[in-house]
Structure formats: structure tokens, C-alpha cells
Amino acid sequence: MVDYKLLHALATVVECGGFERAGDVMGLSQSAISQRVKALEIRLGQPVLVRHPTLAPTPAGQRLLAHYQQVQLLERDLHDALPSLEKAAPRLRIALNADSVVTWWADAVADICQTEEVLLDLVIEDQDVGLKRLRDGDVAACLCATPNPIAGARCLHVGDMSYQPLASPSYAAHFFPAGPSAEAFQKAPAIVFGPHDQLQHQFLAQCGYQGHFPYHLCPSSEGFVRLAMAGIGYGMIPQRQAAEQLQAGQLVSIAPGHRLTVPLYWHFWRHSGQLIQRLTERLSHLTL
């Protein structure tokens, strides 16, 4: 049988990104945390963490973390059935894209967070890479653009988000006076969320452009919109997020008629317990 005190130490180290911070969270010394992880490795006969160049779980560690996530959720169901057991507020670690957080996510989960007394631990990832977090055992569920579930998991199509290439009116008039063109794309600074963000590339391919383009990096959905409104660049912004700015004329499309539709899929482990099931049921009735 697995010693869950050792698994808790492993999960905390990975979540905190280091032994010292994990010790602070668990109220133990860095040495004590290290000894627990080492004891787990001795019991398994193989490493569970790669220490260099960056701290990360090995494949064996990933399997253990995924198992631990599921056990925590199943223990909550046990506490519900046996109220005499000591019960702590569950912490649900979920990977999802920043655009969902600033648009529809809060309204979708507010009731469950309040009635179930759930503490959220949100990991912000691009919609194209969030599934890796679930595969690595780092999260209990994720929201991403991938329709194919990994082994042992299920997925649900939650809805679609519509993106438009938006900029300030003055920026659009300066860089795109005749609309989108290869010459304009070569000179006009774009705004890209991060190194994994492919929306800009997809939009340019939709316009028939495959070449180099200058861009700003801005890993903040709110900052993304502020940069566009300030005339610093143009970027792919959710229509839902920019509805007020579009109506007020603060943002305009640099390519009217062009938009990208990104599907969002909710991925979760099959044996995740009733809390994930209720959250999944709530998400299944969304209208994005």
C-alpha cells in the first residue's frame, strides 16, 4: 500500500515548485520533506522527481500524482457519507485558459464553490497545452482545445469561444488603411499571449500570410485588451470579452469578417468522485 503522507509530500513539492516552500506549507522542515520524498523513491525502487535542470515529476511520479488527485476527491465522498470523519475544505486544482477565467468561468462555478465549500487552485495554461497538466497528474481536471481524452479520462465539449483580430481605431487606420495585407502584417506589431499561443498564427494563415511578423508578448487577458486599446498592437481577443469596447468604438476589427472559433473541452479522470461529476454536470449546461 502507498503511504499517503509520502504522496502528500510529493504533491506539495510539485505544486510549490520546491522543497523549501513545500515545507512551509506543510509545517515541516525542508529536510523532513526531502526525507519523505526519498522514502517514497526507496519504496518504489525508482525516482519520482527530476531535480535538474528544473524540478519535475518522473513518469512514475506523474502516475502517483494522478492517483493522489483522484484519492483526494474520493475521500471527499467518504466524508459526505460518514460525517463523523474530520473534513477539510477540498482544494480543486484545475488547468484552464486565461480567457475563460476573465469571461465565463466565475459565473459557471460560483454556485458549486459556495454550496460545496470548494477552494479552487487555478493553473493558467494556454488552451492548446492544458491537457499536459492532467496527463502529468498535476491537476484533477483541465479545460483545453483538445477533443481526444487521455487514457483513464473523459472529456466533454463545453462550448466554443469566438475570437476577432482587434485594435484601436487609430492603430487600424495607421497600419491597415486598406485592410489586411502581407505588407501590413510584416510591419504591424501584434500582441501574443505567450509562446504556446497559436491564435495569431491561425489568423494570419486564414488571411493567406505565413511569414514573419513583429509581436509583443503579454500573458494577461486584461493587459492584452489594455494594450490593444492603447494602440500598441492588434491581437486575437474573445468577442465576449471585448463586447463593450466594440460597442463603444474603442476597439475595431482589422479584418472585418475574419474570426476564429476555438472549441473548449472539459477533461477529467473517470474515477474522480461526485464533486467532479457535479461540476461536469454544471458545465454540460453552459451556453458560451
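The alpha-carbon of LYS5 sits under 12 angstrom from the alpha-carbon of none of the aspartates and glutamates, leaving out residues fewer than 8 places away in its chain.
Computed log10 I(q)/I(0) for the chain at 0.13, 0.15, 0.16 Å⁻¹: -0.94, -1.11, -1.19, from the Debye equation with unit scatterers placed on every C-alpha and solvent omitted.
Considering only protein heavy atoms and a 1.4 Å probe, what is the carbon-and-sulfur percentage of the accessible area of the chain? Display every interim value, and only then the final one.
Values: 7630 of 14600 Å².
C and S fraction of accessible area: 52 percent.
For the chain, the longest principal axis of the C-alpha atoms and the axis of helix 274-283 are separated by about 10°. Determine the shape class of the stretch 160-230: with a ≥ b ≥ c the square roots of the Cα gyration tensor eigenvalues, call it rounded for a/c under 1.5, and otherwise prolate if a/b is greater than b/c, oblate otherwise. Judged from the Cα gyration tensor, the stretch 160-230 comes out oblate (a/c at least 1.5, b/c at or above a/b). Distances between placed amide hydrogens fall under 5 Å for ILE237 paired with GLN164, LEU166, all partners being 5 or more residues away or on another chain. Computed from Cα atoms, the angle from the helix 4-16 axis to the main principal axis of the chain rounds to 20 degrees.
Normalised by the number of residues in the chain, what is the relative contact order in percent for Cα pairs under 8 Å and 6+ residues apart?
Values: 481 pairs, mean separation 63.2, N = 288.
This gives 22 percent for the chain.
Per residue, the solvent-accessible area of the stretch 1-59 (1.4 Å probe, heavy atoms of protein chains only, all protein chains present) comes to 61 Å².
When both bridge partners sit in the chain, DSSP labels roughly 65% of those beta bridges antiparallel.
The 3J(HN,Hα) values that the Karplus relation (6.51, -1.76, 1.60; θ = phi - 60°) gives for the stretch 167-182 are, in residue order, 7, 6, x, 5, 5, 4, 5, 6, 8, 10, x, 10, x, x, 7, 4 Hz. Gly and Pro appear as x. Compared with the dominant Cα axis of the chain, that is its longest principal axis, helix 30-44 is turned about 80°. Taking a straight line from the alpha carbon of LYS132, these aspartates and glutamates sit under 16 Å away, with near neighbours fewer than eight places off in the same chain left out: GLU15, ASP197. Calculated FRET efficiency, ILE150 to GLN114, Cβ-Cβ distance, R0 = 25 Å: about 0.20 to the nearest 0.05.
The values are calculated or read from the model by the stated rules, or taken from the named source; none is laboratory data. Predicted model, so just to flag it, every value in this text is computed and none were measured. So basically every Cβ, Gly included, is an ideal-geometry build from the backbone, and we count neighbours across all protein chains shown. Remember, those area values only see protein heavy atoms, side chains included, never the ligands or the DNA or RNA. Shrake-Rupley method; radii C 1.70, N 1.55, O 1.52, S 1.80 Å.
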